[in-house]
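Values in this text are rule-based calculations from the coordinates and carry no lab data. Since this is a predicted model, take the numbers as computed values, not measurements. All Cβ positions, glycine included, derive from the backbone under ideal geometry; neighbour counts span all protein chains shown.
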Amino acid sequence: MSGKSEQQHIDEVRDRLAARFPDQSSDAVAATVDAAYRELGDTRVRDFIPLLVERRAGAELAALAY
């Protein structure tokens, strides 16, 4: 990861997904990202957490869009 904190990366994930799914409310996107982040809370290797959160939350939001 770059010099940014994990939370900064998660905030960027939230912003990217909000732009990708404009039909979803910002609260719904935030809740989905937060839930995915919590699910990975016990993961010991933290380097890929933002990527995994983005993939998991993005898949869930895409499923809601249909």
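Mind checking which residues of the stretch 19-66 are of a type in the set (Phe, Trp, Tyr) and closer than 21 Å to Lys4 by Cα? Spell out how you get there, then give the answer.
If we filter the stretch 19-66 for residues that are of a type in the set (Phe, Trp, Tyr), which is where we start, we get 21, 37, 48, 66.
Residues satisfying the conditions are Tyr37, Phe48.
Every residue, every condition in (1) in contact with a strand residue (DSSP E or B) (Cβ under 8 Å, 6 or more places away or on another chain); (2) over 14 Å from Val13 (Cβ atoms); (3) among the acidic types (Asp, Glu); (4) without any contact (Cβ under 8 Å) to a residue 40 or more places away in the chain, yes or no:
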{"site": "Ala31", "(1), (2), (3), (4)": "no, no, no, yes"}
{"site": "Val45", "(1), (2), (3), (4)": "no, yes, no, yes"}
{"site": "Ala59", "(1), (2), (3), (4)": "no, no, no, yes"}
{"site": "Ala62", "(1), (2), (3), (4)": "no, yes, no, no"}
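Could you give every pair whose Cβ atoms fall below 6 Å, whose first residue belongs to the stretch 1-21 and is over 13 Å from Thr32 (Cα atoms), and whose second residue is assigned to a helix (DSSP H, G or I) and of a type outside the set (Val, Ile, Thr), counting only separations of at least 6 or pairs across chains?
Qualifying pairs under 6 Å: His9/Pro50.
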